[in-house]
Amino acid sequence: MMELRSRAPEGPLAEKWEHHRSAIKLVSPTNKLKHHIIVVGSGLAGASAAASLAELGYTVSCFCFQDSPRRAHSIAAQGGINAAKNYQNDGDSVHRLFYDTIKGGDFRSREANVYRLAETSAQIIDQCTAQGVPFAREYGGLLANRSFGGVQVARTFYARGQTGQQLLLGAYQALERQVGAGKVTMHPRAEMLDLVVVEGRARGIVVRDLVTGAVASHVGDAVVLATGGYSNVYYLSTNAKGCNVTAIWRAHRRGAAFANPCFTQIHPTCIPQTGPHQSKLTLMSESLRNDGRIWVPKKKGDARPPQQIPEAERDYYLERLYPSYGNLVPRDVASRRAKDVCDEGRGVGPGGYGVYLDFADAIARLGRHVIAERYGNLFEMYERITAENPFDVPMRIYPAPHYTMGGLWVDYNLMTTVDGLYAIGEANFSDHGANRLGASALMQGLADGYFILPYTIGDYLAQAKLGKLGTDHTAFKQVEREVSERVDRLLTARGRRTPDVFHRELGRLMWDKCGMSRTAKGLEEARKKILELRDEFARDVYVGGRGEDFNQTLEHAGRVADFFELAELMCRDALDREESCGCHFREEFQTPEGEAKRDDARFSYVAAWEYAGAGKAPVLHKEALAFEAVHLTQRSYA
């Protein structure tokens, strides 16, 4: 029987992490040399974890499906990274960052984990600055800050609109230093297709070489999954096309509980879809909401160019509805309100699916050169995609799938329900509840990789009795056979439709029924349709080519097959949670003002789903959420 034990330490909230870190078991320097750790993923969480673990003395193997760790999707993060440094002397503190994060997640996250994240945030900035990350600076040389949604202080550190890229380069150079020292072995172009569990412990992975098609096993004393989120279940998202759920889904099927799968974030500032030909969407950083004002025409169906709509005929709806936060309300709130005004017929652009993000006032107040310094590369990206210059006309934006707060359930040590299997960064559920605040993803990834996992993994390795294993062990051979059989089934289906056709249809269904708003009727319909589509996929998918070659259609087919199973669980989770909280908006449960209405008496818990076997309903386990330092209140940003 699966048991959820959070292992959150006792004592005052502000002292939990320090006491825990001082009490956990240690691995001596000489014994670290004997342990081999597998890290899957080389983004901010994976690269920082692999580098830090190797620096401590462990032998590390790091796997990524890209040709270089530098191509991990972390590179796409634009706006910044939060830290409670209070450089602006505007009242920020560790406790305020903790409270903003708990409140922003609508009180659906584990208190102890969130406080540790806020506490660790300041160390991240020091670490990255020491690595040479070129954070923006004020005229006098001090690090600059800006604001993000859901807060009333400026705590976000940034490198123009390419913060993720610069942070990843810092983690990458730390990783490559350990590669050069012989402590990390990189395995690029290798996709994890399954987890190997021996006697209840994670002991390795099975991967497919994406160039040669060879299936091979790798043995380790612990496995760390840092493989990101699953927003590509919606087909159209801001994620890179390669982002997928396969690694964590396969771990789920091997015994790792999947927590809160329906908590998926819709980002309010993305370039709208232009037509059915599109295969992905492009993010426009939330930082733009610092100086851009969001509005739509007051009249329905007003198709005039924005310059011809006078001020009196514009509705700055976020400033009107939420005067305390204005355009910097949290993402879930901003996204729902954009959908509302578009559903009313006041949307702009093709199809009426867009709202304006206008910089005219900021340009007039600060000057064009200041706006160019802050957002120049974002403006250039927008102009290249839309052929419209944001200096001359307002941007058009619309919400799009972006980040997933759900993921593998982990305890305070970041270990899943499978002993020896860890999940870090976006791959786990732990810190953001039902809605992530902007600029907190980079913070969590680097906190987990640099400052938390290197301590907590030793507690397991110091106590586990791990025998010698080789890839000739029967468990490895069995999983290799299962992986090869799955690949062969896809290659021999010989249907008529490509994986992309199925993925697009699944994505449209999920967006309509399990996207920004959900209903019981829609979710039931979606579940039924998903099962039908999955059966059609098994019969009618066409892959082509061979498994022994570079075959991107085969890669995509395997990922889509896992997305079908995940989508069904997402709808089941959304249906089970009969409340609205954060990004999970059930239309049946809302306040008279149209805000999310929580039901703390029934749903103040983490929903952790256990895989029960093919064709069987998953088993729901509940981790009750207890709050010592905060009082549960209805979120208000007015």
Open item on the list: In whole Hz and in residue order, list the ³J(HN,Hα) couplings for region 184-192 that follow from phi through the Karplus curve 6.51 cos²θ - 1.76 cosθ + 1.60, θ = phi - 60°; x for Gly and Pro.
Closed with: 10, 10, 8, 10, x, 6, 10, 9, 5
Open item on the list: Taking 0.36 nm per residue of sequence separation and subtracting the Cα-Cα distance, how much length would be gained by fully extending the chain between K616 and T492, in nm to one decimal?
Closed with: 42.0 nm
- [ ] Taking the Cβ of R518 as the centre, find all other residues whose Cβ is under 14 Å away and add up their charges (Lys, Arg: +1; Asp, Glu: -1).
- [x] -1
Task: For Q265, net neighbour charge (Lys/Arg +1, Asp/Glu -1) across residues whose Cβ lies under 10 Å away - done: +1
- [ ] Amide H neighbours of L210 under 5 Å, at least 5 residues apart or on other chains, H built in the peptide plane: list them.
- [x] A190, E191
TODO: Averaging over all projection directions, find the projected area of the Cα convex hull of region 105-225 and quote it in nm² with one decimal place.
DONE: 11.9 nm²
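So what's the net charge close to A360: Lys and Arg +1, Asp and Glu -1, counting the other residues with Cβ under 13 Å from its Cβ?
-1
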- [ ] Treating the angle as unsigned and between 0 and 90°, give the value, to the nearest 10°, between the Cα long axis of helix 520-540 and the longest Cα principal axis of the chain.
- [x] 50 degrees
Open item on the list: Can you tell me the length gained on complete extension of the stretch E524 to D500, counting 0.36 nm per residue apart and subtracting the Cα distance?
Closed with: 6.2 nm
- [ ] Taking every Cα atom in region 251-383, find the radius of gyration and the maximum pairwise distance Dmax, and write them in Å.
- [x] 17.3, 60
TODO: Express the C-alpha Rg of region 330-381 as a ratio against the empirical globular expectation 2.2 N^0.38 Å, rounded to two decimals.
DONE: 1.43
Task: Nitroxide proxy distance, nm - points 7 Å out along Cα→Cβ at V370 and T129 - done: 2.4 nm
Task: Residue-wise HN-Hα coupling along region 385-390, computed from phi with Karplus coefficients 6.51, -1.76, 1.60 (Hz; x: Gly, Pro) - done: 7, 10, 6, 10, 8, x
Open item on the list: Using the Karplus curve 6.51 cos²θ - 1.76 cosθ + 1.60 with θ = phi - 60°, what ³J(HN,Hα) values do you get for each residue of region 486-498, in whole Hz, with x for Gly and Pro?
Closed with: 4, 4, 5, 4, 5, 6, 9, 4, 6, x, 10, 10, 7
Task: Angle between the chain longest axis and helix 499-514 axis [Cα atoms, degrees, rounded to 10] - done: 60 degrees
Open item on the list: List the residues, sorted by chain then number, that are 5 or more residues from Y605 or on another chain and whose placed amide H is less than 5 Å from its amide H.
Closed with: L625
Task: For the chain, share of DSSP beta bridges that run antiparallel, in % to the nearest 5 - done: 70 percent
Task: Inter-probe distance in nm under a simple model that places probes 7 Å from Cα toward Cβ, at R21 and E388 - done: 4.8 nm
Open item on the list: Please list, ordered by chain and number, the residues whose modelled amide H lies under 5 Å from the amide H of V224; skip anything fewer than 5 residues away on the same chain.
Closed with: I38, V39, V40, Y422
- [ ] Send over the semi-axes of the chain's equivalent ellipsoid, whole angstrom and largest first, taken as the square roots of 5 times the C-alpha gyration tensor eigenvalues.
- [x] 37, 29, 24
- [ ] Calculate the spin-label point distance for T212 paired with Q590, positioning each point 7 Å from the Cα along the beta-carbon direction, and give it in nanometres.
- [x] 5.6 nm
TODO: Compute the acute angle (0 to 90°) between the alpha-carbon long axis of helix 111-131 and the principal axis of greatest extent of the alpha-carbon atoms of the chain; round to the nearest 10°.
DONE: 90 degrees
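Values quoted throughout were computed directly from the atomic coordinates according to the rules given, and no laboratory measurement underlies them. Computed from a prediction, not measured in an experiment: that's the story for all the values here. Glycine gets a Cβ as well: all are built from the backbone with ideal geometry, and neighbour counts include every protein chain shown.
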